[in-house]
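*Asks:* For reference, the structure I am asking about is given below.
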Amino acid sequence: MPGLEPPRTGWTALVVALLAAVAVRGQDDTEPLRLQGVFPAGLRTSVTESRGTFHFTVTNPNSAPREARVVVLFPSRPDVQYARDVWVPGRASLSTWLPVGPAPEQPMTTGREIQVLLFDRTGGEAAPVLPPGEERVRSRTVLYRKREPTTVILLDPAGTDLVPDPLAQPESRAALVLARTCRRAAGLSDHVSMASEGFLPPTPDAIDGMDQVVLAGNRLATDPVGRSELRQWLQHGGKLWVMLDLVDPAVVAPILGDDFDMQVVDRVGLTTVTIRRQKDNSVAAPAREFEEPVELVRVVPSSGDRVIHTVTGWPASFVRQVGRGKVVFTTLGPAAWHQPRPGSILRRPQATETPTSDLPAPTTPLEEIAVELYSPAIPPTLTADHLRPLLTEEIGYSVVGRGPAALVLSGFLVVLVGIGIGLRRAARPELIGWLGVIAALAAAGVFLVLGERARQAVPPTVGVAEVVDVAPGSEEAAAHGVFAVYQPASGPSLIRTNRGAVLRLDTEGLDGQLLRQIQTDTDAWHWEDLSLPAGVRTGEFRYTARPGRVEAVARFGPTGIAGRLTVGTFRDPTDAILVTPAREPIAPRLGADGDFAAGPADTLSPDQFLAGTVLTDRQQRRQAVYRQLLSGHLPEHLQGRDFLLAWAEPAEVPIAAVEGARVVSTALLVVPLQFERPAPGTRVVMPRGFSAYRRVVDGRLVQPTLESTAGTDMRLRFQLPASVLPLEVERATLLARVRAPGRQFAVAGIADGQLVPLIAVESPTEPIRLEITESRLLQPDAQGGLLLNVAVTGASGDRWAIESLGLEVVGRTGER
């Protein structure tokens, strides 16, 4: 055809075109990343009103490595997003985890809709990777379970490599039945989750939604990271049930810390089992006969453990506090803790459990263990609101003071009077309205300039006020508190951490911002493109501190108590107090090297929590924290324990927000007291409060009546500290504050089961001090208890109260 030339080199041109196309495809058209398997993982396989962990896999089909970002969000809160940045090698798949926050309310009762976004960040730009097909957003539904006391059991892996079955072993099935029966004994559903095979995600969020973990196998023996995460979860308040008949103590030791001083003697089989209560040696479950022997692990617990039940004199169950958490040990096989119901058939649990009646019946001892594991948590008396004044008084800027304000207002009045006089002389009074407004605006402008200078004079500041609960024997500690950041001007704030801190920031006034938390490593995350207004912004946080060895070791001596406080990386401990089981604060004399000492004269008066009559503003704020913590119900991990409280400065803050910012930080250390035994023959003085007392009723120890409108007659037992037993008591001094108008307060000793009157006071108002030196009244019982009888009698209908009561004891230690 005209105008067209035949191709003279057709094949050559075709090859060149194909090579060019291949080159362009190789440079520009890389294969997209692929995302699979975004679902809840860890010890909880459903989302709930707690933080959790999602598992996902990113596949890179290209030869070159790629950087990816996976984002998870709930459609009802699209402004709150959780992301994870990962690096994926060429032609490889990467499976990892992503922390995700609490699930918001949605109409579905058994599921929650989530949306997942995938970005390719290779080269610095976040390019969205759309799902295959016509979908623009990856949307799916995940399992949701309403927050309730939740239990997960860790069993030994069993079965075949192709079909793993954790219930293939009879021991595992028996442990699961026992765990379900214990929940039923607590009045809960019998649902117990079984942890999936494999390693635990290396983040506490994987366990955050769990209340109780049952360790009934050795699967953690090959998972050191999982043991570490379980230890941190425990220190922050978790409850762990260890079935020692199924668990090697070597697996438990790293979870409890370096001071794992529990000794396993041997294992025996019992065909007759009688379970007794340790506190009074009463029978908790009558003797039962078994055709197949029930295994008992005979152990010697540490001195700080609390034995609940015994079998043949050996502990069958005991409790240990670890930080803010609790570990319940059972040493007896599952069959001894429950008994079959008539006609019951034990079945294998299905994927979705509902309460059933075919579980065995719990014995009384198992019900008592259920109380330890499932008793409702006591609401904390010390909250973030009580810690916030420690920061808000020291972070931020001051408003214009009274002096400058008075000067500006005085100047404004002088100018206003001058304008009035000048305009009157000039016969122009109609201008006073305009000039008065101008003068007022000028005064307001002066105030504005002064305020802006005050704000700009304070540099950006980051602060934390935290409570650090120390676990003896561990170089870690559970810390929680308040974070604050001050910015003199609005602008971006890179809030971040590399310590695994979980922060709940106050987002009031941040509507319209995208709150995207990016996880970049196991303990590292930051918020992307966050902008904060000028002023102070606070939030609550928690994390696992690693300050090294923090401990308080003490012993009783001739002048009272003496010891040494080691604070690890914390600095300048001060304003310390000792708190006893009787809730009698004592102000120790704390030396620069950590040595401390306290005697009977150092016991503080009621409602006093720091020594001294004149306190600084900072000390008054600290005393307010002490008062809030000690005046109400103590947290469970502090009840019945001796501990030391001290304020110190952390070496680092767990959360950063502004580069080069000024740092304000303070920490309240909560350190359990560890007592060393004095040498035999040592004369010891025990200030009041170290001998906790209980009322004896029918051989049981109960809480005494300290306030009523009716009279009372109580036999009180004062327990001497275990570290001084056996003790030859030389003198005891009862100190009491009683308010009983129109009544008589009487105290009697007890000798050979008979009351020996010692003192009687009518309508007491003044402090009472009673010294007891008669040896027959100072004979401790076999467990180291001293008995006194206290009575409040009289016909008055007014309310009486024993405001304080303590026993100061002097004696000499004996040979064990």
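The values are calculated or read from the model by the stated rules, or taken from the named source; none is laboratory data. Here the structure is a predicted model, which is why all the values come from computation and not from measurement. As a convention, Cβ positions derive from the backbone with ideal geometry for all residues, glycine included, and neighbour counts pool all protein chains shown. These area figures cover heavy atoms from the full protein model, side chains too; ligands, DNA and RNA do not enter into them. Shrake-Rupley method; radii C 1.70, N 1.55, O 1.52, S 1.80 Å.
*Asks:* Among the listed residues L645, L630, L673, identify the single one that is within 18 Å of the chain's Cα centre (by Cα) and assigned to a strand (DSSP E or B).
*Replies:* Details: L630 fails: assigned to a strand (DSSP E or B); L673 fails: within 18 Å of the chain's Cα centre (by Cα).
Only one candidate qualifies: L645.
*Asks:* Does R542 count as touching a residue at least 24 places away in the same chain (Cβ under 8 Å), in contact with a His (Cβ under 6 Å, 6 or more places away or on another chain) and either over 20 Å from V658 (Cβ atoms) or open to solvent by 10 Å² or more (accessible area, probe 1.4 Å) (or both)?
*Replies:* Here the answer is yes, as R542 does meet what is asked.
*Asks:* OK, next. Could you run through region 147-162 and say how many residues are at pLDDT 85 or above and either outside any loop (DSSP other than H, G, I, E, B) or open to solvent by 80 Å² or more (accessible area, probe 1.4 Å) (or both)?
*Replies:* 5
*Asks:* Please specify each residue of region 519-534 satisfying the condition of being closer than 16 Å to D205 by Cβ and surrounded by fewer than 18 Cβ atoms within 10 Å (Cβ to Cβ).
*Replies:* Correct list: T520, D521, T522, D523, A524.
*Asks:* Same structure again: Test each condition in (1) in a helix (DSSP H, G or I); (2) among the small types (G, A, S); (3) open to solvent by less than 50 Å² (accessible area, probe 1.4 Å) for A601 and report the one that comes out false.
*Replies:* That leaves (3) as the condition not met.
*Asks:* Please tell me if V264 is open to solvent by 30 Å² or more (accessible area, probe 1.4 Å), closer than 21 Å to A479 by Cα and among the β-branched types (V, I, T).
*Replies:* Spelling it out, it is not the case that V264 is open to solvent by 30 Å² or more (accessible area, probe 1.4 Å), closer than 21 Å to A479 by Cα and among the β-branched types (V, I, T).
*Asks:* Within the set of pairs 6+ apart or on separate chains, which have a first residue in region 62-75 that is open to solvent by 40 Å² or more (accessible area, probe 1.4 Å), a second that is assigned to a strand (DSSP E or B) and among the aromatic types (F, W, Y), and C-beta atoms under 7 Å apart?
*Replies:* P65/W87; E67/W87
*Asks:* Taking interchain pairs and intrachain pairs at least six residues apart, which have beta carbon atoms under 7 angstrom, with the first residue in region 584-608 and among the hydroxyl-bearing types (S, T, Y) and the second open to solvent by 30 Å² or more (accessible area, probe 1.4 Å)?
*Replies:* T603/R688
*Asks:* Further question: Considering only residues of region 303-330 that are under 26 Å from E475 (Cα atoms) and outside any strand (DSSP E or B), which is most open to solvent (accessible area, probe 1.4 Å)?
*Replies:* Going through the qualifying residues, I end up with S303.
*Asks:* Working carefully through the options T616, T566, find the one that is open to solvent by 40 Å² or more (accessible area, probe 1.4 Å), in contact with a strand residue (DSSP E or B) (Cβ under 6 Å, 6 or more places away or on another chain) and hydroxyl-bearing (S, T, Y).
*Replies:* Result of the check over T616, T566: T566.
*Asks:* Here are some residues: P389, P349, P379. Which one is outside any helix (DSSP H, G or I), more than 27 Å from D248 (Cα to Cα) and at pLDDT below 95?
*Replies:* Only one candidate passes the filter, namely P379.
*Asks:* Now for a different question. In this structure, does L706 turn out to be open to solvent by less than 30 Å² (accessible area, probe 1.4 Å) and either out of contact with any Cys (no Cβ under 6 Å at 6 or more places or on another chain) or not hydroxyl-bearing (S, T, Y) (or both)? Working first, answer last.
*Replies:* Values: open to solvent by less than 30 Å² (accessible area, probe 1.4 Å): no; either out of contact with any Cys (no Cβ under 6 Å at 6 or more places or on another chain) or not hydroxyl-bearing (S, T, Y) (or both): yes.
Taking the combined requirement at face value, the residue does not satisfy it.
*Asks:* Out of all the residues in region 76-88, which are open to solvent by 20 Å² or more (accessible area, probe 1.4 Å) and either within 22 Å of D523 (Cα to Cα) or out of contact with any strand residue (DSSP E or B) (no Cβ under 7 Å at 6 or more places or on another chain) (or both)?
*Replies:* Once the filter is applied, which keeps residues that are open to solvent by 20 Å² or more (accessible area, probe 1.4 Å) and either within 22 Å of D523 (Cα to Cα) or out of contact with any strand residue (DSSP E or B) (no Cβ under 7 Å at 6 or more places or on another chain) (or both), region 76-88 yields S76, R77, P78, V80, Y82, R84, D85, W87.
*Asks:* Need the failing condition index for E197 against (1) open to solvent by less than 40 Å² (accessible area, probe 1.4 Å); (2) at pLDDT below 90, just the number.
*Replies:* The failed condition is (1).
*Asks:* Scan S775, S796 and give me the residue that is open to solvent by less than 60 Å² (accessible area, probe 1.4 Å) and either out of contact with any Phe, Trp or Tyr (no Cβ under 6 Å at 6 or more places or on another chain) or closer than 27 Å to S605 by Cα (or both).
*Replies:* The unique qualifying residue is S796.
*Asks:* Which of the residues spanning region 438-466 are at pLDDT 70 or above and either more than 34 Å from the chain's Cα centre (by Cα) or open to solvent by less than 10 Å² (accessible area, probe 1.4 Å) (or both)?
*Replies:* Answer for region 438-466, where residues must be at pLDDT 70 or above and either more than 34 Å from the chain's Cα centre (by Cα) or open to solvent by less than 10 Å² (accessible area, probe 1.4 Å) (or both): I438, A440, L441, A442, A444, T461, V462, G463, V464, A465, E466.
*Asks:* Against the definition (in a strand (DSSP E or B), of a type outside the set (A, V, I, L, M) and surrounded by 21 or more Cβ atoms within 10 Å (Cβ to Cβ)), how does R516 come out, yes or no?
*Replies:* Criteria not met by R516.
*Asks:* Just to be sure I understand the filter: pairs with C-beta atoms under 6 Å, separated by 6 or more residues or on different chains, first member in region 741-756 and at negative phi, second member part of a loop (DSSP other than H, G, I, E, B) and open to solvent by less than 20 Å² (accessible area, probe 1.4 Å). Which pairs pass?
*Replies:* From region 741-756, the pairs are F745/P764.
*Asks:* Would you point out which residue out of V300, V242 is modelled with pLDDT of 90 or more and crowded, with 16+ Cβ neighbours inside 10 Å?
*Replies:* Numbers: V300 fails: crowded, with 16+ Cβ neighbours inside 10 Å.
The unique qualifying residue is V242.
*Asks:* Might you let me know whether region 716-734 holds any residue that is in contact (Cβ under 8 Å) with a residue 24 or more places away in the chain, under 25 Å from D798 (Cα atoms) and open to solvent by 10 Å² or more (accessible area, probe 1.4 Å)?
*Replies:* no
*Asks:* Does E135 satisfy the criteria of being part of a helix (DSSP H, G or I) and either over 31 Å from the mean Cα position of the chain (by Cα) or at pLDDT 90 or above (or both)?
*Replies:* So E135 does not fit the description; no.
Every residue, every condition in (1) in a loop (DSSP other than H, G, I, E, B); (2) of a type outside the set (G, A, S); (3) touching a residue at least 24 places away in the same chain (Cβ under 8 Å), yes or no:
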| site | (1), (2), (3) |
| --- | --- |
| L188 | yes, yes, yes |
| L230 | no, yes, yes |
| V247 | yes, yes, yes |
| P254 | no, yes, yes |
| V268 | no, yes, yes |
| K279 | yes, yes, yes |
| A287 | no, no, no |
| E292 | no, yes, yes |
| V299 | no, yes, yes |
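*Asks:* For region 703-760, please list each of the strands (runs of 3 or more DSSP E) lying entirely inside it that holds at least 1 residues being under 44 Å from the mean Cα position of the chain (by Cα), under 25 Å from D642 (Cβ atoms) and charged (D, E, K, R).
*Replies:* 712-719, 727-739
*Asks:* Against the conditions (1) touching a Phe, Trp or Tyr at 6+ places or on another chain (Cβ under 7 Å); (2) hydroxyl-bearing (S, T, Y); (3) in contact (Cβ under 8 Å) with a residue 60 or more places away in the chain, where does S303 fall short? Just the number, please.
*Replies:* Condition not satisfied by S303: (1).
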